[in-house]
Amino acid sequence: MKNKFLVCIDSDGCAIDSMTIKHKEAFGPAFIKVWDIDDSKKNTILDQWNNINLYSLMRGINRFQGFLAILTLHPELVDNEQLNVFAEWIETTKALSDESLREKYKQTGLEIMGKALEWSDLVNSKIEVLPLAQPFDGVMDTIELIKSKADIAVVSSANFSAIKDEWQKCGLFKLVDYFYSQADGTKSECINKLIGMGYERDKMIMVGDALGDYKAAENNQIWFFPILAAKESLSWIDLKHKYLHLFLVQQFNKEIQEDLLLNMKKNLS
């Protein structure tokens, strides 16, 4: 803890322009392959996957929550009892991660757990060969300014190796004080860990592109600033030139928060 202020930042689709390509080239196609979806359903499922994970209020959900959402729309793909067990694991696990799922698969031996692991592994392998993702315009300058005024924590539901690789290659890694990924728990739990380090709630803000980021901030009674989908660069410019100052002089308030949140909801279908 170096500064009294802390800015938490989501990675995929928020700071790094990697979310859209990951879903369109890795998550969706891996689902099609693992479940051996025939051509008659392929495009429908891919469209559903992208709409849920990129363009709806569910944007930014954990990969396994997205996996469950698609299976729920297509009950013909999986036994209902197995689907219920998978849903229960999502609700009760301490970490929505490959490691937690692998342990659950060892305990149950259920096909759905095995397929989810196979899918997640395939997603990771596809992501590894994707072109290097870059920060959105305005991110580098804004994060450099934040670093001069506050501590920075990346709080993401992605796996750590992917986050580390992207932030290192983009030159942002050295500016971050803490990294939290899917293996560290939910975003809400990770923010709570940061509070436990001694940061005061009114001197913390979460910067994110999804409603789940807001809920993680709300659960911990800290501020939230939205990065709008398809308007990411403008959002980062607004943060740099207006809202960061309001936060640092402690004039960021509930009215500002509600206006920003309303704009975010209007921006997503």
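Heavy atoms of the protein only, probe of 1.4 Å, neighbouring chains included. What is the accessible area of Ser161 in Å², nearest 10? The accessible area of Ser161 comes to roughly 80 Å².
Mind running the shape call on region 202-245? Use the C-alpha gyration tensor, a ≥ b ≥ c as the square roots of the eigenvalues: rounded below 1.5 for a/c, prolate if a/b tops b/c, oblate otherwise. It is oblate, given that a/c is not under 1.5 and a/b is not larger than b/c. Accessible surface calculations at 1.4 Å, restricted to protein heavy atoms, place the chain at 47 Å² per residue.
Relative to the globular-protein estimate of 2.2 N^0.38 Å, the Cα radius of gyration of region 107-199 stands at 1.32.
Only helices enter the 222 nm calculation for the chain: every DSSP H run of n ≥ 4 contributes -39,500 (n - 2.57), and dividing by all residues gives -15500 deg cm²/dmol, rounded to 500.
Distance from the Cα centroid of region 209-269 to that of region 1-56 is 21 Å (rounded to whole angstrom). In the chain, the ratio of gyration radius to Kirkwood radius, Rg to Rh, stands at 0.97 when only Cα atoms are counted. What do you get for GluC sites (Glu not before Pro) in region 126-213 restricted to DSSP loop and a cutoff of at most 12 other Cβ within 10 Å of the site's Cβ? Filter output for region 126-213: Glu200. When nucleic acids and ligands are ignored and a 1.4 Å probe is applied, Arg201 ends up with an accessible area of around 90 Å². Across region 184-189, computed HN-Hα scalar couplings (Karplus, 6.51 cos²θ - 1.76 cosθ + 1.60, θ = phi - 60°) run 8, x, 5, 4, 4, 5 Hz from first to last residue, x flagging Gly and Pro. Surface composition of the chain: carbon and sulfur make up 48 percent of the accessible area, probe 1.4 Å. Remark: relative contact order (the chain) = 28 percent; criterion is Cα-Cα distance under 8 angstrom and separation of 6 or more residues. Mean-square fluctuations from a GNM of the chain, with a 10 angstrom spring cutoff on Cα atoms, peak among Ser157, Ser125, Ser11 at Ser125. Need the list of lysines near Lys242 for cross-linking: C-alpha distance under 27 angstrom, and skip anything on the same chain fewer than eight residues off. Counting by Cα, and skipping residues close in sequence, Lys242 has these lysines nearby: Lys2, Lys4, Lys147, Lys149, Lys174, Lys187, Lys203, Lys215, Lys231, Lys254, Lys265, Lys266.
The values are calculated or read from the model by the stated rules, or taken from the named source; none is laboratory data. Everything numeric here is computed off the predicted structure, so don't read it as measured data. Glycine gets a Cβ as well: all are built from the backbone with ideal geometry, and neighbour counts include every protein chain shown. Please note that ligands, DNA and RNA were not included when accessible areas were found on the heavy atoms of the full protein model with its side chains. Shrake-Rupley method; radii C 1.70, N 1.55, O 1.52, S 1.80 Å.
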